[in-house]
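*Asks:* Can you keep this structure in mind? I'll have questions shortly.
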Amino acid sequence: MHATTAALVGATGGAGTTRLALEFGATLARDGRDVAILDAAFATEGLARHVSGRVDPDLTELLVDDDPVAADRLLAEGLDEHPVTAELSGRLELGPARAPFERLARAKTAEAAQRFGTLLDEAGGEFDHVLVDVPPVAENQAVAAVTAADRVAVLAPASERGVDALQRTRGRVADVGASVDAVVANRAPEGHPVRSADATVPESEATTVDGAPASVGGPEADGDPESEFAPAVARATAAVVDAELTLEFEEPGLLEVDPEELLPDALSGRT
């Protein structure tokens, strides 16, 4: 069965696309699915920071290679297992970009963009889900991602700036012949202005050991569990890939209630 491929498009710089791509990927892998995340955000090379050791080959090297077996090289050599995979039921693998400027420039050409679509399709044959970390739609590789993916999700800051950027992104996606399937408002407080969001992810400083996604094994912030972040990420993940997840989360507050508080005075021994 072919994967669901999803382009995660940042409505604006700093929307948190790389972090949410990792959170969504980890959440899917927690649910027993095999997931690959490909990096189309060449300028920031964010995924490379989550790979230990040398990135060889990186994604851009495969995009500038006109060898017809470049897609096979991606699956055989170009994906790096995320260090947290051992804690997951499924696989989480990354296809990061880390290259000198000259190669980054060549990886943004129209020819390289065509190869990006081919790589995305080939990866879709090996995984349950393929997610793409996509910058604002302004360069060839971003256009390739949104036109080749099965689904397009726009990640926007939950602010007035995010509302404006979301409208601009919808227009750009439509201009290249694609459509937006889901909107996620990131770092969202109550009453945020992104009313069209299909899901929200709250502001959180939650981290786990060694920089693992906070949604792995339940969210933690310096060792203190949070009750909202991981379930919100799971709901957003389901909206992005249009699939039901089987993950279960503890109802907030259940363990904080003193059972005697729920008993009548006569049974609790209170006078």
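The values are calculated or read from the model by the stated rules, or taken from the named source; none is laboratory data. Remember, it's a predicted structure, so these values are computed and weren't measured experimentally. Cβ sites come from the backbone with ideal geometry, for glycine too, and all protein chains shown count toward neighbours.
*Asks:* Among the residues in segment 100-122, are any in contact (Cβ under 8 Å) with a residue 40 or more places away in the chain, closer than 21 Å to ARG19 by Cα and either in a loop (DSSP other than H, G, I, E, B) or of a type in the set (S, T, N, Q) (or both)?
*Replies:* The answer is no; no qualifying residue exists.
*Asks:* Now a separate question. Within segment 89-129, track down each residue that is buried (at least 22 other Cβ atoms within 10 Å of the Cβ) and touching a strand residue (DSSP E or B) at 6+ places or on another chain (Cβ under 9 Å).
*Replies:* LEU92, GLU93, LEU94, GLY95, PRO96, ALA97, PHE116, LEU119, LEU120, ALA123, PHE127, HIS129
*Asks:* Out of ALA138, ALA156, ALA145, report the one residue that is assigned to a strand (DSSP E or B) and either touching a helix residue (DSSP H, G or I) at 6+ places or on another chain (Cβ under 8 Å) or not polar (S, T, N, Q) (or both).
*Replies:* Numbers: ALA138 fails: assigned to a strand (DSSP E or B); ALA145 fails: assigned to a strand (DSSP E or B).
The match here is ALA156.
*Asks:* HIS82 versus (1) more than 23 Å from VAL146 (Cα to Cα); (2) surrounded by fewer than 24 Cβ atoms within 10 Å (Cβ to Cβ): which is the lone unmet condition?
*Replies:* Among (1) more than 23 Å from VAL146 (Cα to Cα); (2) surrounded by fewer than 24 Cβ atoms within 10 Å (Cβ to Cβ), the lone unmet condition for HIS82 is (2).
*Asks:* While we're looking at this one, here's another question. Specify the residue that is farthest from GLY117 (Cα to Cα); the eligible residues are those in segment 143-162 that are buried (at least 20 other Cβ atoms within 10 Å of the Cβ) and more than 15 Å from the chain's Cα centre (by Cα). Please lay out each step first, then the result.
*Replies:* We begin by selecting, within segment 143-162, every residue buried (at least 20 other Cβ atoms within 10 Å of the Cβ); these are 143-146, 148-149, 151-158, 162.
Then drop every residue that is not more than 15 Å from the chain's Cα centre (by Cα), which leaves 143-144, 148, 158, 162.
Values: VAL143: 10, ALA144: 6, ALA148: 5, ALA158: 30, GLY162: 28 Å.
Only one residue fits best here, namely ALA158.
*Asks:* Something else about it: Which one of these is under 17 Å from LEU120 (Cα atoms), surrounded by fewer than 20 Cβ atoms within 10 Å (Cβ to Cβ) and under 19 Å from the mean Cα position of the chain (by Cα): ASP65, ASP34? Explain how you work it out, then say what you get.
*Replies:* Numbers: ASP65 fails: under 19 Å from the mean Cα position of the chain (by Cα).
Exactly one of ASP65, ASP34 is under 17 Å from LEU120 (Cα atoms), surrounded by fewer than 20 Cβ atoms within 10 Å (Cβ to Cβ) and under 19 Å from the mean Cα position of the chain (by Cα), namely ASP34.
*Asks:* What about VAL154, is it among the β-branched types (Val, Ile, Thr) and within 21 Å of PRO213 (Cβ to Cβ)? Spell out how you get there, then give the answer.
*Replies:* On the way: among the β-branched types (Val, Ile, Thr): yes; within 21 Å of PRO213 (Cβ to Cβ): yes.
Answer is yes for this residue.
*Asks:* Which residues, counting only those in segment 216-238, are under 19 Å from PRO189 (Cα atoms), modelled with pLDDT of 50 or more and within 18 Å of the chain's Cα centre (by Cα)?
*Replies:* Passing the criteria: GLU228, PHE229, ALA230, PRO231, ALA232, VAL233, ALA234, ARG235, ALA236, THR237.
*Asks:* Hey, another quick one. Look through ALA71, ALA48, ALA15, ALA29 and report the one residue that is modelled with pLDDT of 90 or more, surrounded by fewer than 21 Cβ atoms within 10 Å (Cβ to Cβ) and either of a type outside the set (Val, Ile, Thr) or in a strand (DSSP E or B) (or both).
*Replies:* ALA48
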